[in-house]
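Heads up: the structure comes next, in structure tokens.
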Amino acid sequence: MSNKLYMNTGSVVIAENTSNFSPISQLHYEFYEDVNTVIEQLQNNEEIQCIVGYKGLPFGIAQQPCLTDYADGVDTLDFLLNKLN
């Protein structure tokens, strides 16, 4: 795999990679020294929809949005009712 270190759990390949997106069955991780730097990078990245874990949403909640949690900040009902005319 491109001469890079990776771990195989039997069902998931774990690889050090800074990419926001990983292929199916692969989990990316990276090392950091200052958690505040990571939080700032994540909050300023428009490709990140939510942060799950410490100082973020609890595990299991990311796929259970509230009625007022809009994808990409767009109120879908308002868009359908008022912006399509």
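Each row is one residue, and each column tells you yes or no for (1) exposed (fewer than 10 other Cβ atoms within 10 Å of the Cβ); (2) part of a loop (DSSP other than H, G, I, E, B).
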position	(1), (2)
GLN41	no, no
CYS50	no, yes
ILE61	no, yes
ASP72	yes, no
ASP78	no, no
- Query: Of all residues in the range 11-39, which are modelled with pLDDT under 90, of a type outside the set (S, T, N, Q) and part of a loop (DSSP other than H, G, I, E, B)?
  - Reply: PHE21
- Which condition breaks for PRO65 when tested against (1) surrounded by fewer than 10 Cβ atoms within 10 Å (Cβ to Cβ); (2) out of contact with any strand residue (DSSP E or B) (no Cβ under 9 Å at 6 or more places or on another chain); (3) modelled with pLDDT under 90; (4) not aliphatic (A, V, I, L, M)? (1)
- For the range 29-50, enumerate the residues that are touching a helix residue (DSSP H, G or I) at 6+ places or on another chain (Cβ under 7 Å) and free of Cβ contacts under 8 Å to residues at least 12 places away in the same chain. TYR32
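Could you tell me whether PHE59 is at pLDDT 85 or above, within 13 Å of the chain's Cα centre (by Cα) and among the hydrophobic types (A, V, I, L, M, F, W, C)?
yes
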- In the range 1-28, which residues are touching a residue at least 12 places away in the same chain (Cβ under 8 Å), surrounded by 12 or more Cβ atoms within 10 Å (Cβ to Cβ) and under 23 Å from GLY56 (Cβ atoms)? VAL12, ILE14, ALA15, GLU16, ASN17, GLN26, LEU27, HIS28
- Message: Which condition from (1) surrounded by 10 or more Cβ atoms within 10 Å (Cβ to Cβ); (2) within 13 Å of the chain's Cα centre (by Cα) is the one that GLU46 breaks?
- Response: (1)
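The values are calculated or read from the model by the stated rules, or taken from the named source; none is laboratory data. The shown structure was predicted, so the numbers you read here are calculated from the model rather than taken from an experiment. No Cβ is skipped: glycine too gets one built from the backbone with ideal geometry, and neighbour counts run over all protein chains shown.
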